[in-house]
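The structure under discussion appears below in the form of structure tokens.
The values are calculated or read from the model by the stated rules, or taken from the named source; none is laboratory data. Please read these numbers as outputs of a predicted model, since none were measured by experiment. As a convention, Cβ positions derive from the backbone with ideal geometry for all residues, glycine included, and neighbour counts pool all protein chains shown.
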Amino acid sequence: MFFTPQTTVQVEVVDTGERYACTRTESLLRGMLRLGQRGIPVGCVNGGCGVCKVRIVQGQVQRLGPISRAHVSADEEAAGCTLACRVAPQTDVVLCVEGRMAKPFRAGAAARGAGMPSPQPTP
Ligand code: FES
């Protein structure tokens with residue numbers, strides 16, 4: 001019997017509760033952009049500007065290229081921080097948005113009501 005590895009995994013953004021699908025060969029940032037959310041800043045997409053900094057809370061990622069030490073120190077990387085444009089998920093991933101992307105990302109999600117509790121009917 002042949003085993004076909006799952007090519008698409010799920011990514012959850014803790015900050016907003018949003019989830020998106022991402023393939024194992026594309027960056028976390030590319031998948032995130034499909035959320036169509038205003039407030040996701042796209043910088044160099046090359047690991048150099050640091051705008052897409054995230055912290056992996058759960059799951060495995062694989063590097064797609066070098067990550068600037070000016071934006072993610074070795075200690076931060078050991079604690080799970082990375083750049084979303086430079087890693088691809090290998091399993092389902094849970095992440096937190098960090099750095100310069102955090103504020104506009106959360107503001108964009110709040111404007112759409114993502115991650116907010118549903119209004120309860122009044123009795
Ligand atoms: S977009 Fe510049 S480091 Fe990711």
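With respect to the conditions (1) within 20 Å of Val94 (Cβ to Cβ); (2) near the ligand (Cβ under 10 Å from one of its atoms), Val42 falls short on a single one, namely (1). The test for being modelled with pLDDT of 90 or more and surrounded by 21 or more Cβ atoms within 10 Å (Cβ to Cβ) does not hold for Cys81. Considering every residue within segment 32-45, establish whether at least one is in contact with a Ser or Thr (Cβ under 7 Å, 6 or more places away or on another chain) and either more than 23 Å from Ala111 (Cα to Cα) or surrounded by 20 or more Cβ atoms within 10 Å (Cβ to Cβ) (or both). No: zero hits. Condition first: outside any helix (DSSP H, G or I), free of Cβ contacts under 8 Å to residues at least 12 places away in the same chain and either surrounded by fewer than 16 Cβ atoms within 10 Å (Cβ to Cβ) or in contact with a Leu (Cβ under 8 Å, 6 or more places away or on another chain) (or both). Can you find one or more residues in segment 18-25 that meet it? Among the residues of segment 18-25, at least one is outside any helix (DSSP H, G or I), free of Cβ contacts under 8 Å to residues at least 12 places away in the same chain and either surrounded by fewer than 16 Cβ atoms within 10 Å (Cβ to Cβ) or in contact with a Leu (Cβ under 8 Å, 6 or more places away or on another chain) (or both), which makes the answer yes.
Residues in segment 56-72 that are away from the ligand (no atom under 14 Å from the Cβ) and either more than 13 Å from the chain's Cα centre (by Cα) or part of a strand (DSSP E or B) (or both): Ile56, Val57, Gln58, Gln62.
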